[in-house]
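Scroll down for the structure; my scribbles are underneath it.
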Amino acid sequence: MSLSSHLLPVVLFCLDIGLTLELENWNHGDMRLTVIGCSGSVVSPHSPASCYLLQSAGQRPIIMDIGNGSMGTLQELVDPSGCDLVNSHLHPDHTADIPSLIVWRRYSHRSTTRPATVFGPSTFLKKVGEWFADDYGSCHDLTDTFDFHPWDVAAPQHLNGCTFQAFPADHPGEAYCMRVTEDTTGATFCFSGDTGPCEGVYKASKDVDVFLCEATWTSNPNLPEHMHLTGALAGALASENHVGRLLLTHISPWTDSEAVLAEARETSTVPTELVSPRAVYEW
C-alpha cells in the first residue's frame, strides 16, 4: 500500500452522528490518522498531550487517548460528540480531558442520544466517575455518556470499521498497546500507548503498515525500567518487525526531540519521523 503524509485542508460535514472529519481524496477503506497532541508525560508549549484521531472512510472517528489540552484542537476538527473513544491507560496525560468530553457531550446540544462507545482499562468507569463526582469518595454514573467495554486481550474487538486487538504494555498500572486492522482493506496500524520493551508491543506492531510509537527519552543507562521506550529502542523494534513506517510520538518537553529522532534513525531501517500536532497520515 502506498503511504503518504499530508497537512490537508479539513472540511466538516454535518451528519446525523455529528460532525465527521473528511479529508481530500478519501477512498473507501483508507485509514487516516490525525495527530491532535503528541507531547509526552505533560502538555508542552507547542502541543497538547497524547491524543489522536483514527478513522476509516465513512465511519465515525475514533479518539485514541485524550490527554491535557486536546479538547480545544478536537473541537476545531470534529464535533467530539460524534466520536467514539479508545484509551490505552488511565494516566492523566492520556485521560485528563475526559471530564471535558463528558461536559461537551451532555451540554453542547450537539450530542446524540447514543452514548460513545469506549474501549479501555477495566477500571475506566470507576476512576473517571470518581474524577467527575461532586463529592469526595463518590462515583458519578457515566453510563448515559459512555458505552464502556474493557479491553479483552483474548479476543479482537470491533469498532467503526476497524478490528482492535489489545496487548499488555510494560507500564505502571493497567496499560495496553493496540493493533488495528481496517476491515475492508486489511490496512494495519499499531499504537504503542506507553510501554517499555515487552512482548505485547512486539506482537502488536509486527508487520504493520504504520507504527505510532512512543519514544519518550533518549538512551541513558540510568532510565527507569518498565515505563517507556527510547528513540533507539523504537527504531530497533520497527526494523525487527518490518513495519512500513515509524512515527515517533510522546516525547517529553524536556527531551531533545531531534536527538530522539537521530538515535531512532540509527537503529531503524524503515522510514522514520517525528509526528507533530495536526499532521495527517493516510494509508
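Excluding same-chain residues fewer than 8 positions from Lys126, which aspartates and glutamates have a Cα within less than 19 Å of its Cα?
Asp65, Asp84, Asp93, Asp97, Asp134, Asp135, Asp141, Asp144, Asp147, Asp152, Glu174
With unit charges on the beta carbons (Lys and Arg positive, Asp and Glu negative) and the dipole taken about the Cα centre of region 119-181, which residue among Pro172, Gly161, Cys139 sits farthest to the positive side?
Farthest towards the positive end: Gly161.
Among Pro121, Leu261, Thr218, whose Cα lies farthest out toward the positive end of the dipole of the chain, if unit charges sit on the beta carbon of Lys, Arg (+1) and Asp, Glu (-1)?
Working it through, the farthest residue towards the positive pole turns out to be Pro121.
Rounded to the nearest 20 debye, what is the charge dipole size of region 4-282 about its Cα centre when +1 sits on each Lys and Arg Cβ and -1 on each Asp and Glu Cβ?
Computed charge dipole of region 4-282: roughly 280 debye.
Values quoted throughout were computed directly from the atomic coordinates according to the rules given, and no laboratory measurement underlies them. Here the structure is a predicted model, which is why all the values come from computation and not from measurement. Backbone-built Cβ (ideal geometry, glycine too); neighbour counts: all protein chains shown.
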